[in-house]
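What follows is calculated from the coordinates using simple rules that are stated; it is not laboratory data. Keep in mind that what you see is a predicted model, and the values were worked out from it rather than measured. Every residue, glycine as well, gets a Cβ built from its backbone with ideal geometry; the counts of neighbours run over all protein chains shown.
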């Protein structure tokens with residue numbers, strides 16, 4: 001995948017390291033969806049879980065994913081693919097167990 005605006009060789013080492021850190025944090029930050037989804041499926045209940053809230057979350061991560069694709073930013077793409085899958089997982093749980 002192409003790098004965003006600068007070649008990796010011309011990026012300062014600190015930026016390269018920080019981008020790797022942000023890739024990890026971007027994925028870890030999306031784990032909230034998976035934790036909520038597991039809770040729904042393990043308890044077979046989506047009581048008190050907001051479909052509107054997670055629907056808005058899905059729109060947000062889809063927007064960030066689209067932006068990442070448009071600017072060819074690997075960190076945004078990878079992190080938000082995890083977010084979209086996680087949000088869909090939660091919404092599936094809500095629709096199944098509400």
Regarding residue 90, is this residue in contact (Cβ under 8 Å) with a residue 24 or more places away in the chain and within 10 Å of the chain's Cα centre (by Cα)? no
For segment 44-59, how many residues meet the condition of being touching a helix residue (DSSP H, G or I) at 6+ places or on another chain (Cβ under 8 Å) and either touching a residue at least 60 places away in the same chain (Cβ under 8 Å) or part of a helix (DSSP H, G or I) (or both)? 5
Pairs returned, first residue in segment 60-86 that is on the phi < 0 side of the Ramachandran plot, second residue that is surrounded by 20 or more Cβ atoms within 10 Å (Cβ to Cβ) and not in a helix (DSSP H, G or I), beta-carbon separation under 6 angstrom, 6 or more apart or interchain, are 82/30; 83/30; 86/30
Mind checking whether some residue in segment 33-47 is within 13 Å of the chain's Cα centre (by Cα), under 11 Å from residue 89 (Cβ atoms) and surrounded by 13 or more Cβ atoms within 10 Å (Cβ to Cβ)? yes
